[in-house]
């Protein structure tokens, strides 16, 4: 399976155009969007453009996506809303969790986030692909190139459950790859100079990831 992963569109037309260009050129099987699809207001037109992509899309909300975005995603014919869902494609389980509150230098999924991690952890195993907006604390999370701003509880969840792959964004300055134990972390933010990640993934072979 070939995945084109992006995050941090923020509703910008140039970033949506980039996604369309990469989908056309790279020929992925699926697009994964790790949050911040919109920019607080008027999400309908942005999501409609994403829904019109010629291949399936999986998505979660980020901190600039209002709660109503979840409902809009669920109504789309070509977008799967992954929040606390497990969707298996070609034998690969995808799991997502929406949200991020950008508390300075320590992101959280929610102000009271323990309940969401308690719901998330049983969905994860070593074959899972986890889609989440913030990176885990200490991995690809240096805001302004200086301060760690990832999610501490997410780090604990990943350490305990060791999913195969985590796809995230949120920290625009740090697209790239990192590892936590056996888990590969991919920050696919297109918020600055990044153009997303191309991920080759199946059940029988090692992961291959190319930052574009």
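Tabulated values for the structure
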{"read-out": "Residues satisfying the stated conditions in segment 65-111, i.e. in a strand (DSSP E or B), in contact (Cβ under 8 Å) with a residue 60 or more places away in the chain and surrounded by fewer than 21 Cβ atoms within 10 Å (Cβ to Cβ)", "value": "89, 92"}
{"read-out": "Verdict on residue 126 being in a loop (DSSP other than H, G, I, E, B), out of contact with any helix residue (DSSP H, G or I) (no Cβ under 6 Å at 6 or more places or on another chain) and under 19 Å from residue 102 (Cβ atoms)", "value": "no"}
{"read-out": "Filtered residues of segment 1-28 (kept if closer than 20 Å to residue 209 by Cα and free of Cβ contacts under 8 Å to residues at least 40 places away in the same chain)", "value": "20, 21, 23, 24, 25, 27"}
{"read-out": "Selection from segment 156-177 of residues that are within 15 Å of the chain's Cα centre (by Cα) and either more than 22 Å from residue 10 (Cα to Cα) or part of a strand (DSSP E or B) (or both)", "value": "158, 163, 164, 165, 166, 167, 168, 176, 177"}
{"read-out": "For residue 46: the one exception among (1) without any contact (Cβ under 8 Å) to a residue 40 or more places away in the chain; (2) crowded, with 22+ Cβ neighbours inside 10 Å; (3) on the phi > 0 side of the Ramachandran plot", "value": "(3)"}
{"read-out": "Residue ID - farthest from residue 165 (Cα to Cα), chosen from residues in segment 2-35 that are in contact with a strand residue (DSSP E or B) (Cβ under 6 Å, 6 or more places away or on another chain) and in a loop (DSSP other than H, G, I, E, B)", "value": "11"}
{"read-out": "First in segment 146-161 and under 16 Å from residue 123 (Cα atoms), second anywhere and surrounded by fewer than 16 Cβ atoms within 10 Å (Cβ to Cβ), Cβ under 6 Å, 6 or more apart", "value": "157/121; 161/121"}
{"read-out": "Segment 112-123, residues that are crowded, with 17+ Cβ neighbours inside 10 Å, outside any loop (DSSP other than H, G, I, E, B) and touching a helix residue (DSSP H, G or I) at 6+ places or on another chain (Cβ under 7 Å)", "value": "117, 120"}
{"read-out": "Matching residues in segment 167-193 - criterion: being within 18 Å of residue 22 (Cα to Cα), without any contact (Cβ under 8 Å) to a residue 40 or more places away in the chain and surrounded by 21 or more Cβ atoms within 10 Å (Cβ to Cβ)", "value": "175"}
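Conditions tested, residue by residue: (1) at pLDDT 95 or above; (2) over 26 Å from residue 141 (Cα atoms); (3) more than 17 Å from the chain's Cα centre (by Cα).
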site: 2; (1), (2), (3): yes, no, no
site: 7; (1), (2), (3): yes, no, no
site: 12; (1), (2), (3): yes, no, yes
site: 21; (1), (2), (3): yes, yes, yes
site: 28; (1), (2), (3): yes, yes, no
site: 31; (1), (2), (3): yes, no, no
site: 34; (1), (2), (3): yes, no, no
site: 38; (1), (2), (3): yes, no, no
site: 50; (1), (2), (3): yes, yes, no
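The values are calculated or read from the model by the stated rules, or taken from the named source; none is laboratory data. What you see is a predicted model, and the numbers here were worked out from it, not measured in a lab. FYI the Cβ positions are ideal-geometry reconstructions off the backbone, even for glycines, and counts take in every protein chain you see.
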